[in-house]
Structure formats: C-alpha cells, structure tokens
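Reviewing the structure listed below.
What follows is calculated from the coordinates using simple rules that are stated; it is not laboratory data. The structure presented is a predicted model; accordingly, all values stated were derived computationally and were not measured. Because the Cβ atoms are built from the backbone with ideal geometry, glycine has one as well, and the counts that use them run over all protein chains shown.
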Amino acid sequence: CVQLERQLQDLTTALAKARQVQADLLELRRQAQASRIAPAQLARLKQAHEQLAHLKIRQEMVATRLQFDLQPGQSLQLDGQPLSGQGERLLLEAASLEVAGVGRLRIQPGGQDLAELTRQQERLTGEVTALLHELAVDSLAQAEERAARFQTLQAEITGKEGLLASHAPRGVEG
C-alpha cells in the first residue's frame, strides 16, 4: 500500500509537471506562429534591399554632381532649399538653381541610364514596401530578428516536446 501511495504521488507529480510543460509548449507554439516568416519572403526582401543598395551606387556614379564653395554670407537655392558654405549635391533629376540677384539656372541631368535607374529604384522600393507590409515588419532588420526568434522558439519547442514525452510518454489527457 505504501509503495502504491508513493507511486501514485510520483505519477501525480509527473502529471503536474507534464501539464505545465504542455502549457509552456502551447505558449511557445503560439509565439512561434506569431514570429513565423516564410524563408522565401525573407530571402526576397534581402535580395531587394541588396538590389536597392547597388542601384544607389550606380545612381551616384552617373548622377550630375553640383559642387559649391560659397563666400561667407552668400547662398543659393536648389529647388527651394538653401545652399551655403561648401558641399555637394547629387542630382538624379532636373533641378532649378536660383542665384539671388542673377536669376535661375535649370540643370538637366542627361542620359537614359539615370531615368532607367530611377524607374528600377521606384519598382524595387514598391516591392520592398509590399514585402514589409506582408511580413508585418518595419524593416529588414526586424524581419531578420523575427526569423531568428522563430528558429530559437522551434529549438525550445523541440526541447519541451522531449521533456513532455519523458514526463508523460502516453500523453496528457484532460
């Protein structure tokens, strides 16, 4: 009788532990489902980000450069934005440069390449925005964090499943 009582107590303890592990497992699965990001979508988002970075480099290479070195107290306006001191602006599209007391210069970057690069950039930017919206994240970094979190949760789930099997090899009913 004492042996059976001890065995019943051990089984009751194991069942309580198994129920707790099962509850933990359900919560981990819920968190994993919320963190899940399709690997193909994440790969496409990374690829689009890389393509945008390459496009930016190509645009900078072919863009018209406006370098300025103005006297103290003097300024110009480029499309309504004041320029003073020293600096450089890359012009990817037509711009208007106003010189106070002199007039306005219209600067028109040339080349079909620049227009095509701008179209590609707009297309890729739209694609990135759509993917971010689909994945319900604000950035590539956030998407990568969620994917890493999902992997971590999957490992924890596997561990909890093993623990549950050791506490309740035939499962936990009701």
In degrees rounded to 10, the 0-90 angle between helix 140-167 Cα long axis and the longest Cα principal axis of the chain is 10 degrees
The ³J(HN,Hα) series, computed from each phi in region 20-26 with the Karplus coefficients 6.51, -1.76 and 1.60 at θ = phi - 60°, rounded to the nearest Hz and given as x for glycine or proline, is 5, 4, 5, 5, 4, 5, 4
The alpha-carbon center of region 87-119 and that of region 132-174 are separated, in whole Å, by 52 Å
Residue by residue through region 130-139, the couplings from Karplus 6.51 cos²θ - 1.76 cosθ + 1.60 with θ = phi - 60°, in Hz, x for Gly and Pro, are 5, 5, 4, 5, 4, 7, 6, 10, 9, 7
Cross-link reach from Lys56 to lysines, straight Cα distance under 21 Å and at least 8 residues apart if same chain, gives Lys46
Taking 0.36 nm per residue of separation between Gln51 and Glu116 and subtracting their Cα-Cα distance, the length gained on full extension comes to 22.0 nm
Label model pair Arg6, Arg58: point-to-point distance (7 angstrom along the Cα→beta-carbon line) in nm is 7.8 nm
Loop-resident GluC sites (Glu not before Pro) in region 1-60 with no more than 16 other Cβ atoms inside 10 Å, DSSP not H/G/I/E/B, are none
